[in-house]
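Contents: one structure, followed by commentary.
The values are calculated or read from the model by the stated rules, or taken from the named source; none is laboratory data. Because the structure is predicted, anything quoted here is derived from the model rather than measured. Cβ placement follows ideal geometry from the backbone for every residue including glycine, while neighbour counts extend to all protein chains displayed. The protein model used for the area step is the full one, side chains on, heavy atoms only, and it has no ligands, DNA or RNA in it. Shrake-Rupley method; radii C 1.70, N 1.55, O 1.52, S 1.80 Å.
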Amino acid sequence: LQAKDRNNARVIVADPNFTKSAAHADLYLRQRSGTDIALVYGLIHIILKNGWEDKEFIKNRTYGIDEIAKEAEHWTPEVTSDVTGVPVDKLMEAANILAHTKPGTVIWALGITQHSVGSSNTRILPILQLILGNMGKPGGGCNIIRGHDNVQGSTDMCNLSDSLPMYYGLTDAAWKYYCQGWGVDYD
């Protein structure tokens, strides 16, 4: 919201609940709970169909987007609207804003991650950003808001006493694996 106030940033909120953030958004997408992946695939469909993707970025910095495009073909605005409950005109508007506002960032919190398909939710959003060419750029990328300062990064990098980085545990096999990667003798 500070970026909106200070820099006239466009804000889109997709949430089943009308929140304070939604009240301040330029565009609010009230979707059915659990339809995050369908919503994003629908946006990807519109972006690709209109040629709004960052072709150069995709060519030089990604792989597998052709497989994503095949799946996105099924998610027409009408199908996406039927599944998510978001009207077609709002899907079109959201895709247009995402594709023509550079750089753009995607921000999410625990609502995306704490689903039975949370891992898939957290994969599809960076894929959207890759298609738009927003990764690795100031003001772009994905920004995940967690309950504590950098809880995900700190646990991934192992600021824990009960495991090695990436949750490998402390077994002999884990230590041997890391010793090999670190180029040090296990003994």
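Worth a mention:
- Across region 40-73, the number of residues qualifying as touching a residue at least 24 places away in the same chain (Cβ under 8 Å) and outside any helix (DSSP H, G or I) comes to 5.
- Total residues in region 173-185, condition closer than 17 Å to S163 by Cα and open to solvent by less than 90 Å² (accessible area, probe 1.4 Å): 5
- With respect to (1) surrounded by 15 or more Cβ atoms within 10 Å (Cβ to Cβ); (2) more than 28 Å from Q2 (Cα to Cα); (3) aromatic (F, W, Y), the lone exception for W108 is condition (2).
- Residue within region 85-101 that is over 27 Å from G136 (Cα atoms), out of contact with any His (no Cβ under 6 Å at 6 or more places or on another chain) and among the polar types (S, T, N, Q) present: no
- Within region 1-14, being in contact with a strand residue (DSSP E or B) (Cβ under 9 Å, 6 or more places away or on another chain) and open to solvent by 40 Å² or more (accessible area, probe 1.4 Å) holds for R10, I12, A14.
- Scanning region 32-44 for residues that are within 20 Å of I68 (Cβ to Cβ) and of a type outside the set (D, E, K, R) turns up T35, I37, A38, L39, V40, Y41, G42, L43, I44.
- Inside region 82-98, residues that are surrounded by fewer than 21 Cβ atoms within 10 Å (Cβ to Cβ) and in a helix (DSSP H, G or I) make up a count of 9.
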